[in-house]
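Coordinate-derived values only; no laboratory data. Not measured: the values here are computed from a predicted model. All Cβ positions, glycine included, derive from the backbone under ideal geometry; neighbour counts span all protein chains shown.
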Amino acid sequence: MPRIAIGQYYPASSPIHSLDPRLKLICSFLFIIMLFVITSAPGYVVAAGFVALSVKISTVPFSFILRSLRAIFILLLFTVALNMFFMPGEDLVFSFGFITVYMEGIIRAAMMGSRLILLIFSSSLLTLTTPPIELTGAIEFVLTPLKKIRVPAAEIAMMMTIALRFIPTLVEEMDKIMKAQKARGADFETGGLIKKAKSLIPLLIPLFISAFRRADELAMAMEARCYRPDARRTRMKIHRMARRDFAALGVAGLFFGMILMTRML
Amino acid sequence: MSKPMIETNDLIFEYRATSFEPGSNVQPDGFTALNGVNITVEQGEFVAVLGHNGSGKSTFAKHINVLLRPSSGKVHVDGLDTADDANVWLIRQHAGMVFQNPDNQLIATIVEDDVAFGPENLCVESEQIRQRVDWALGAVDMAEAKRRPPHLLSGGQKQRIAIAGILAMRPACIVLDEPTAMLDPIGRREVMRTISRLNREDGMTIVLITHYMDEAAQADRVIVMEKGSVMMDGAPAQVFTQIERLRELGLEAPQTTEVCSGLAKLGIPIDTDILTIEEMVEAIDLSGNHGVSDLRGNFSQGKELTTPRTRSGSLGESDDELRKIDRKDGIAGLPVRSNMQGQETAIECKGLGHTYSPGTPFAKRALDNITLSVEKGSFVGLIGHTGSGKSTLIQHFNALLAPSEGTILINGRDIHADKKILRETRQNVGLVFQYPEHQLFEVTVYKDVAFGPENMGLPKDDVDARVRKALSLVNIGEEHFEKSPFELSGGQKRRVAIAGVLAMQPSILILDEPTAGLDPRGRNTILSTIKNMHDELGITVVLVSHSMEDIAKYVSKIIVMHDGTIFKQGTREEVFADAKALENIGLNAPAMSRLFQELRARGLDLPQTPFTTEDATRILYQYLKPLGD
């Protein structure tokens, strides 16, 4: 059975990896807000510097970070093109037929592009350096204040954990069912869209049934281990901010301050 | 004595219309699963509960953990009444429960987090949880795996993590509901070793629900259930000696016990309450020893013993017993099952190799230089521990996987030569995966079986004929045709799934663990169905199994896989001759051949190695009879 990677965690032991996941989550969130605050080129330079520094420290190969762009490549292209070609301005760079490009458009396109790229880079750095399960814990922490307005933070985190736990199991199961139906002459590859969609029935029905059966058994096993969704639970792993977390927070704060200053200039 | 760990008084449980037992079939309204059960389990006892599917043993187990509550009667766990809501969480903490499917009871994505789940629910303080988790993982020998994700562990390891998860709650009793049903022999051994150590060293009360008699034999006490009632209750030696009674209840005694009682019936003075191979070797060695040294010379000269048939006239009453045995199962060693005339090969592999995800960091060599041939009409066994490459190999036989190098010939043709042959191969080679009932998807049994032939583009009449034939081969009557496959029992579902492959009318049938998770009755039905198909239709059968006893009983040739290569191939006699070598690669010889090897090691001069209890009884009788004269 080929191994299945969950999420896109890149295992390494860099200072970024060992940071408190809650700190990483909050900093990433703040950074994204910063990106939308930036209005000038120097701001982007500082932000890019921050990301570059983090990537460097994290020891994650740059190619991994770059790969995350693939998913939004079309969107990126579209955004850049739209800004470049349709942004009206005064400083005409060149015009050919109905295409006119102004300097303002180029600057705008460059800024929008950088914003998107930095956004993706920073968030993928978060998922690359944080195991999904720790991220789940961090999300639970961030959502905790919302408990007051009846957001079931702990239950949401539990559901995410279980989903993460069962993704590889279900992927394996799907592979097995697919092979079994192929052995009975099922054809998943050829035919038009409708035929292909139809051919998925023998795959999806058993998969759903199996998922429900698993859910049922898992619920029973959780109950047998005294799980009560509404009751208080303790945690084995309690994160405490360490010295390096405060140091990291200081560095991030410095960068964020610089970004804000570029806006005031 | 202190109060009993578990005590039930006239426990009755009826399933209501909407309730059903997850993982099994829907129970009809008012179905009485438990009918007046009185069981008392003392502190520190190791009790095994046996019974075929539907006997109520799982329902009983769920009452101990308050997953179910009595319709009438009482259940007390550690003196606490399960009917009282205030006791529920305390009882669940006192009596932890481990389930059958190792995948469906682990919650977290990291082992140690999963073990911590129980104590976290009990609101134990952080540092204490850490201590408990480390202790529990140590107790099941999984300390090194604590930071690993569970989905990369083997079944046996996952099940031990599940046990650790219960241990971390500090229970006084562990209830295990068929914990080894889905495991391979190595996993089973690991889990059983863990359970008995917890019982012996930590005084943990153990209730083990199982289908495996050899596991039950390790308990202090065996309870046999049938139709919701306790039928037998006693020490393993007491219960297992009642062989006829067990058979009536759909169970089997350990093979050694069966042979001993067979011998005793034939007049050999031997204890009938023998359970293990070691005990039996001792008993035979003792009963034989007074004469072995003097008589052995006579045996080797007098050839009459190895050709018993010539003597049959001179034997008395007990010989009738003997002849009955002979008739029942043919003669040992004669390949009555294999069709040796057909020299054509059905499957042939030459230098077959397979690498998963080549060229990536995940590349994994699964098969290496496999060269083998399977003759037409033969019944071949494929054995090897989990991860040895068996599954990868059989998926090559019907072109679900393409070889990285080497060739595969099916009925003499290279299946990857062109597309047309590939298509034909899928029909020609029927592949039944593990737990095939998980692939059922249609509304009715009939439609599900028709899926294969319909994919072949056959006309309606042909499809109909094939579906009917396939279903009759697996003994599914017409009354079930229009039922949903999910209404059937576990064994029936599996037979329907097998029919779904048979309806393609393959000339070669490959079955991956067709008996996994079934009770003895279900196992026997499936295996005899397969054997009938082989005998009557002349289909070539490749049987993948972890049960060496099944392999030994049915196949004529065995292929042993290890680490992606062929470790050994040959007849049963050749392959099982060296039990030690098999043990080293995580396998085992069948109980009977192990017994005979042990006896030979003690200096007994036994001519043949039997594979069934009948043959073993006959050979031992011939050996021991003259010694007693």
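Starting from the exponent 0.38 and prefactor 2.2 Å, build the expected Rg for region B:409-460 from its residue count and divide its actual Cα Rg by it.
Against the compact-globule rule of thumb, the ratio is 1.39.
At 7 Å along the Cα-to-beta-carbon direction for both A:L254 and B:A172, put a label point, then send me their distance in nm to one decimal.
For A:L254 paired with B:A172, the spin-label model returns 6.1 nm.
List, in the order given, every pair from A:K176/B:K580; B:K57/B:K580; A:K182/B:K531; A:K147/B:K146; A:K182/B:K158; A:K182/B:K227 whose Cα-Cα distance in the structure shown is over 28 Å.
On the way: A:K176/B:K580 34 Å; B:K57/B:K580 36 Å; A:K182/B:K531 25 Å; A:K147/B:K146 32 Å; A:K182/B:K158 30 Å; A:K182/B:K227 40 Å.
Going by Cα-Cα distance, A:K176/B:K580; B:K57/B:K580; A:K147/B:K146; A:K182/B:K158; A:K182/B:K227 fall outside the 28 Å limit.
Pick out the long, greasy-scoring helices in chain A: whole DSSP H runs spanning 30 Å or more along their own axis by Cα, mean Kyte-Doolittle at least 0.5.
A:103-129, A:153-183, A:201-224, A:243-264
Return, for the Cα atoms of region A:1-115, the radius of gyration and Dmax in Å, separated by a comma.
18.4, 61
Which chymotrypsin sites (Phe, Trp or Tyr not before Pro) from region A:178-265 combine a DSSP loop assignment with at most 14 other Cβ atoms within 10 Å? Walk me through the numbers before you get to the answer.
Details: sites: A:F188, A:F208, A:F212, A:Y227, A:F246, A:F255, A:F256; in loops: A:F188, A:Y227.
Sparse-neighbourhood loop chymotrypsin sites (Phe, Trp or Tyr not before Pro): A:F188.
So what is the calculated 222 nm ellipticity per residue for chain B, using -39500 (n - 2.57) for each DSSP H run with n of 4 or more, over all residues, to the nearest 500 deg cm²/dmol? Intermediate results must be reported in sequence, preceding the final value.
Details: 23 runs with 254 residues, N = 629.
About -12000 deg cm²/dmol.
How large is log10 of I(q)/I(0) for region A:145-265 at q = 0.10, 0.14 Å⁻¹ when the intensity is taken from the Debye formula with one equal scatterer per alpha-carbon?
Treating every Cα as an identical point scatterer, log10 I(q)/I(0) equals -0.66, -0.86.
With only alpha-carbon atoms counted, please give the Rg and Dmax of region A:92-191, in Å.
Computed over the Cα atoms of region A:92-191, radius of gyration and Dmax are 24.0, 65 Å.
Taking amide H positions as placed 1.01 Å from N in the peptide plane, with prolines and chain starts having none, which residues 5 or more places from B:Q43, or on another chain, fall under 5 Å of its amide H?
B:M5
Report the Stokes-Einstein translational diffusion coefficient (µm² s⁻¹, integer) for region B:175-239, Rh taken as the Kirkwood radius over Cα pairs, at 37 °C with viscosity 0.692 mPa s. List each step's numbers first, then the result.
Numbers: Rh = 12.5 Å.
The calculation lands on 262 µm²/s.
For region A:92-142, take every pair of Cα atoms, bin their distances at 5 Å starting from 0, and report each bin as a whole percent.
Going from the shortest bin to the longest, the percentages are 5, 17, 13, 14, 10, 9, 8, 7, 6, 6, 4, 0.
Quick check: pseudo-label points 7 Å beyond the Cα along Cα→Cβ at B:R602 and B:A86, how many nm apart are they?
It works out to 6.0 nm between the two label points.
Restrict the search to region A:68-136; then list the GluC sites (Glu not before Pro) that DSSP places in a loop and that have at most 13 other Cβ atoms within 10 Å of their Cβ.
A:E90
Among B:S489, B:V133, B:P453, whose Cα sits farthest toward the positive end of the charge dipole of chain B (+1 at Cβ of Lys/Arg, -1 at Cβ of Asp/Glu, about the Cα centre)?
Checking the options against the dipole of chain B, the answer is B:P453.
From the convex hull of the Cα coordinates of region B:210-279, what is the mean projected area in square nanometres?
One quarter of the hull surface, i.e. the mean projection, equals 4.6 nm².
Evaluate the distance, in nm, between pseudo-label points positioned 7 Å from the Cα of B:N475 and of A:Q8 along their respective Cα→Cβ axes.
Computed distance between label sites B:N475 and A:Q8 equals 5.5 nm.
Just to verify a number: FRET efficiency for B:K3 and B:R189, C-beta to C-beta distance, R0 = 45 Å, to 0.05?
Rounded to the nearest 0.05, the efficiency is 0.85.
In percent, what relative contact order does chain A have, based on Cα pairs under 8 Å that are 6 or more apart in sequence?
30
Given H placed 1.01 Å from N in the peptide plane, which residues other than close sequence neighbours of B:G36 have an amide H under 5 Å from its amide H?
Long-range HN contacts for B:G36: B:L11, B:I12, B:F13.
Can you give the FRET efficiency for A:S63 and B:R413, using 1/(1 + (r/R0)^6), R0 = 56 Å, r = Cβ-Cβ distance, to the nearest 0.05?
Using R0 = 56 Å, I get an efficiency of 0.80.
Roughly how big is chain A's charge dipole about its Cα centre, with Cβ charges of +1 (Lys, Arg) and -1 (Asp, Glu), in debye to the nearest 20?
For chain A, the charge dipole is close to 860 debye.
Evaluate the charge dipole of the protein assembly as shown about its Cα centre and quote only its size in Debye, nearest 20, assuming +1 on the Cβ of each Lys and Arg and -1 on the Cβ of each Asp and Glu.
Dipole about the Cα centre, nearest 20: 3080 debye.
Enumerate the calculated ³J(HN,Hα) couplings along region B:112-118 in order (Karplus 6.51 cos²θ - 1.76 cosθ + 1.60, θ = phi - 60°), each rounded to whole Hz, writing x wherever the residue is Gly or Pro.
5, 5, 5, 5, 6, 4, x
For region B:485-610, calculate the relative contact order in percent as a whole number, restricting contacts to Cα pairs under 8 Å that are 6 or more residues apart.
Once normalised by length, the contact order is 16 percent.
Among A:P88, A:P206, A:L260, which residue has its Cα positioned farthest towards the positive end of the charge dipole of chain A, with +1 placed on the Cβ of Lys and Arg, -1 on the Cβ of Asp and Glu, and the dipole taken about the Cα centre?
Value: A:P206.
Please compute one quarter of the surface area of the Cα convex hull for chain B and express it in square nanometres.
On the way: hull surface 128.5 nm².
Convex hull of Cα atoms, orientation-averaged projection: 32.1 nm².
For region B:63-108, what are Rg and Dmax over the alpha carbons, in angstrom?
Cα-based Rg and Dmax for region B:63-108 come out at 12.1, 37 Å.
Run through region A:118-217 and list the trypsin sites (Lys or Arg not before Pro) located in a DSSP loop whose Cβ has at most 12 other Cβ atoms within 10 Å.
Of the trypsin sites (Lys or Arg not before Pro), the ones in loops of region A:118-217 whose Cβ has at most 12 other Cβ atoms within 10 Å are A:R150.
Could you calculate the FRET efficiency of B:D535 with A:I194 from 1/(1 + (r/R0)^6), where r is the beta carbon distance between them and R0 is 56 Å, rounded to 0.05?
0.80
Which whole-number percent of Cα pairs in region B:475-612 have a distance greater than 26 Å? Display every interim value, and only then the final one.
Working: 3294 of 9453 pairs.
Pairs farther apart than 26 Å: 35 percent.
What number results when the radius of gyration of the protein assembly as shown, computed over Cα atoms, is divided by 2.2 N^0.38 Å?
Computed over Cα atoms of the protein assembly as shown, the ratio equals 1.12.
May I ask you to give the average projected area over all directions of the convex hull of the Cα atoms of chain A, in nm² rounded to one decimal?
Orientation-averaged projected area of the Cα hull: 21.5 nm².
Classify region B:555-629 from the C-alpha gyration tensor, please: rounded if a/c falls under 1.5, else prolate or oblate depending on whether a/b exceeds b/c.
Prolate, since a/c reaches 1.5 and a/b exceeds b/c.
Rg over Rh of region B:451-536, using C-alpha atoms and the Kirkwood radius, what does it come to?
Rg/Rh: 0.96.
Please report the Cα spread of region B:392-434 along all three principal axes, rounded to whole Å, starting with the longest.
29, 22, 16
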